[in-house]
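Have a look at the structure below before the remarks.
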Amino acid sequence: MNRSFANTNLLSPLDSIRKNKGVDALRVYFYKMGKTKKSEASRLINDSRLHFYSLFLLIQQIKTLDFFPHLNTRNKTALSLCGKILKDERLVLMNAGIPTPPNSSQNQAVLKWMLASGSDDDGLSDDFDEILDAAASLLVVQYKDKTILPLIANMIFKRNKQGAYCHELIWCFCQSRDPNSLKLISQYLDSGDKKDAELSRKILHYPNPQSNNPSTENYSNQAYQGWLKDNFDYLYFTSESFQQSSEPEICCVDLGAKYLGKKIAPHNRQMLAPLNKNEQEHLDEFHQLDYDEQVNLCNFAHKVHKQNRSLQNKWSSYPVSKQVHLAQSGLGGIRWL
């Protein structure tokens, strides 16, 4: 986990009350303190070690005490987001006086605090989970923050084990559109927990091992890592999600790019280098082949590309019809190049 999250492992006094005596005791204690000793209550709730869940639980007491002026910027910013999600105008307006640009590093830091310190208590409230989902989405989509992806992955599988809703978090995770992030999901392929392994295969769109197939290592993390390494430069993220399908294909191989050996941008499927006339003509003909022929040809071409430059140049000079014939000959076809 990112070093900036380290202090979330330490309990503040208010967190200690919540953990040891319960939510009601926390609320009663803070309310009494806020009525009689505002400066002490302010110090406690603005503690840098405070977990976001404790702040969330005290929303009603903060409103009743009209405690907004005594909150620090972190808490005001966090409660403003809570207000937007919960449709509580009073919470939204409390942050109106803070001159903070919407994409500021300060806002990003608050969102990270909310997600990191709140993740341990994920699942205790539907409203709280919705707010964590929103924080995760803003960090990934708006701030392009990939440092929190391991945390989001942990939350996804934790919710799945509990039978809780996790599709929004999966969508958020995939919005990073980074093939490297798939490694965080593939780790669960080897999990001894059946739910973990099954969800991992679904997210990766990886085949389910057959019950009568003794070679289940073909579906292991190690096997997937090999596949990922081989196809990394040609992967792109689709717009499919679990909100649309029970088996979405979130990330796919661009067969044409693999056939040409051309890297693509995973976020928009655009080739990173322009094609010359010969490459474009070959690609146009490739797209006219049926799917099985495309798969066979691109896999064969990929093996040729990994051989040597002279072999690759010779291969590229052949018409697609001859390339198809060589690919149908299997690996033995390489010797005829």
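Looking at the structure I just gave you, is Arg90 open to solvent by 60 Å² or more (accessible area, probe 1.4 Å), farther than 30 Å from Leu199 by Cβ and basic (Lys, Arg)? When the stated conditions are applied, Arg90 passes them.
Of all residues in the stretch 18-57, those that are at positive phi and open to solvent by 70 Å² or more (accessible area, probe 1.4 Å) total 0. Only residues that are at pLDDT 50 or above and small (Gly, Ala, Ser) were counted in the stretch 1-22, giving 3. Just one residue in the set Gly192, Gly123 is touching a residue at least 40 places away in the same chain (Cβ under 8 Å), outside the structural domain of Leu57 (by the TED database) and either touching a Cys at 6+ places or on another chain (Cβ under 7 Å) or part of a loop (DSSP other than H, G, I, E, B) (or both); that residue is Gly123. A count restricted to the stretch 26-75 and to residues that are in contact (Cβ under 8 Å) with a residue 12 or more places away in the chain, of a type in the set (D, E, K, R) and outside any loop (DSSP other than H, G, I, E, B) stands at 5.
The values are calculated or read from the model by the stated rules, or taken from the named source; none is laboratory data. Everything numeric here is computed off the predicted structure, so don't read it as measured data. Positions of Cβ are generated from backbone atoms using ideal geometry, with glycine treated the same way; all protein chains shown enter the neighbour counts. We work out accessible area using only protein heavy atoms, side chains counted, and drop any ligands, DNA or RNA first. Shrake-Rupley method; radii C 1.70, N 1.55, O 1.52, S 1.80 Å.
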